[in-house]
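Here's the structure, in structure tokens; my notes come after.
The values are calculated or read from the model by the stated rules, or taken from the named source; none is laboratory data. Because the structure is predicted, anything quoted here is derived from the model rather than measured. Note that each Cβ is placed from the backbone with ideal geometry, even for glycine, and that neighbours are counted across all protein chains shown. In case anyone asks, the SASA skips ligands and DNA or RNA and just uses the protein heavy atoms, side chains included. Shrake-Rupley method; radii C 1.70, N 1.55, O 1.52, S 1.80 Å.
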Amino acid sequence: MTVAIGINGLGRIGRSVTRIVASAPHLGVEIAAVNDIASTDKLAYGLRRDSIRGSFPGTVTAKGDYLVVNDHAIRAYHHERPERIPWADHGVDVVIEATGRFRAGTTARTHITHGGARKVVISASADDPDAFLVYGANHLSYNPAVHDVVSPASCGVNALTVMAKVLLDRFGLHEVFTSVMLASQGWQRVQDSLVGTSREDPRLGRAGADSIIPHNHVVGDLVRVALPEIGEMRYSYYCVPTPVGSLAELSGQTGRPVTVEEVNRAIAEAAAGPMRGIIAYDPDPTVSIDVKNNPASCLFDPSGTQTTADGGVTVRGWFDNEWGFSNRLLDLARLIGDRLPVPSSRVSWSVA
């Protein structure tokens, strides 16, 4: 089955999803329609030229109400409110809500109740979704009967959770502390601004290229929502002035003393086996730019592993904010679409 998706918001996540689908035509996913307040001409330009990803590896043009991507036509809408987008007209199975504006489960649900889509995946740490599903950790708990609006949390939560999952399953894990250094975000400002910031914290309006900025509003404890067995945890997030490439570190206590070699071997085996494509393992000394365009949720860095005689452990991994997360959004959309009871109608990818 090919899952028809709609994308609301062609920002950094929406464009990444589109590039991934366009470059891998056999993913089992097709983009039927998109919505963004920018004009179709500007959407085409944004796909063709990207300061982080480079030039589009193919062709993108605007033709009337369509984006034509590698000769495939995608209907483009320009509505400000999600309830006005006619997803049902294009047989959309799953909407990826990627604007960053409609994170509440009740608002995102209007893609279904008003637009006629069948399911919604919010590309952020959402407010009150039906479920938080981190692919590779708890995605098999998806229940199509009750989970209409789901969230995969955030890129940082994904990187942390898949490392925690391996440690938990192999050695036990509790008393967890996590820290994330997050590359520059799209909502950050070039110069200081006290209005229109992401949150009420005035620090989030400070010039993003000039400071390391604490981001206390990122919900780092969603790791334990996906893995409740680890119990209470502490976390910290910081936005750092790098264009791409972020770092996740996790410390905790294992159920028994372990060695660095045991921990690294466990991660390497997971990366080569059940978490292939979700965790990547790189024995070379790495820096943040090395993870650019890596599709994994976490590029594990074995040089960062530490252990103590009483069962303490620390691990670290890199992640490309948008690229790895966008790949997981598509994994989740495909999982959800494949479990729909009746396939929706397919749409044509060509325009006259």
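At a Förster distance of 22 Å, what's the computed FRET efficiency of residue 128 paired with residue 83, Cβ-Cβ distance as r, to 0.05?
0.80
Within 10 Å of each candidate Cβ there may be at most 15 other Cβ atoms; applying that plus a DSSP loop requirement, which chymotrypsin sites (Phe, Trp or Tyr not before Pro) in the stretch 156-218 survive?
The qualifying sites are 187.
Provide the packing ranking of 16-25, 318-327, 78-87, 55-64, i.e. peptides ordered by the mean count of other C-beta atoms within 10 Å per residue, highest first.
Most protected by this proxy first, the peptides run 318-327, 16-25, 78-87, 55-64.
Return one whole number: the accessible area per residue of the stretch 238-281 in Å², for a 1.4 Å probe. Mind dumping the intermediate values first?
Numbers: 1850 Å² over 44 residues.
Accessible area per residue: 42 Å².
Please list log₁₀ I(q)/I(0) at q = 0.15, 0.16, 0.20 Å⁻¹ for the stretch 142-265, using the Debye equation with identical point scatterers on the alpha-carbon positions.
-0.78, -0.85, -1.08
Once every Cα of the chain carries one equal point scatterer and solvent is ignored, give the base-10 log of I(q)/I(0) from the Debye formula at q = 0.14 Å⁻¹, two decimals.
-1.16
Can you tell me the 0 to 90 degree angle between the C-alpha axis of helix 155-171 and the longest principal axis of the chain, rounded to 10?
That helix lies at roughly 40 degrees to the long axis.
Please determine, in degrees from 0 to 90 and to the nearest 10, the orientation of helix 321-338 with respect to the longest principal axis defined by the Cα atoms of the chain, where the helix direction is its Cα long axis.
70
Report the local net charge at residue 126: Lys and Arg +1, Asp and Glu -1, summed over other residues whose C-beta lies under 10 Å from its C-beta.
Residues near residue 126 contribute -3 overall.
What percentage of the solvent-accessible surface of the stretch 124-184, computed with a 1.4 Å probe over protein heavy atoms, is contributed by carbon and sulfur atoms?
That share works out to 50 percent.
May I ask for log10 I(q)/I(0) of the stretch 195-333 at q = 0.10 Å⁻¹, from a Debye sum over the Cα atoms as equal point scatterers with solvent left out?
-0.40
Pairs of Cα atoms under 8 Å, at least six residues apart: use those to get the relative contact order of the stretch 161-304, whole percent.
Computed value for the stretch 161-304: 29 percent relative contact order.
Kirkwood Rh, the stretch 30-76, all Cα pairs: how many Å?
This gives a value of 10.7 Å.
7 Å from Cα along Cα→Cβ at both residue 169 and residue 70: what's the point-to-point distance in nm?
Here the answer is 3.1 nm between the modelled labels.
Given Cα pairs under 8 Å that are at least 6 residues apart, what percent is the relative contact order of the stretch 97-248?
That works out to 22 percent.
Based on alpha-carbon atoms only, what is the radius of gyration of the stretch 240-290 relative to the globular estimate 2.2 N^0.38 Å?
1.38
Could you work out how far helix 12-23 tilts from the main Cα principal axis of the chain, as a 0 to 90 degree angle to the nearest 10?
Approximately 80 degrees, to the nearest ten.
What whole number of Å gives the distance from the Cα centroid of the stretch 70-131 to the Cα centroid of the stretch 134-168?
20
I need the P(r) histogram for the stretch 1-127: all alpha carbon pairs, bin width 5 Å from 0 out to the longest distance, whole percents.
Calculated over all Cα pairs of the stretch 1-127, the distribution is 2, 12, 23, 25, 21, 12, 5, 0 percent.
Put a dot 7 Å past each Cα toward the Cβ at residue 261 and residue 192; how far apart are the dots in nm?
Here the modelled spin labels are 5.4 nm apart.
Which residues in the stretch 46-76 place their backbone N less than 18 Å from a point set 7 Å from the Cα of residue 101 along the Cα-to-Cβ direction?
Correct set: 76.
Can you tell me the relative contact order of the chain? Whole percent, Cα pairs under 8 Å, sequence separation 6 or more.
Working: 808 pairs, mean separation 61.2, N = 352.
It rounds to 17 percent for the chain.
Ordering 308, 107 by accessible area with a probe of 1.4 Å, largest first, what comes out? Could the numbers behind the result be given before it?
Working: 308 70, 107 35 Å².
Putting 308, 107 in descending order of accessible area: 308, 107.
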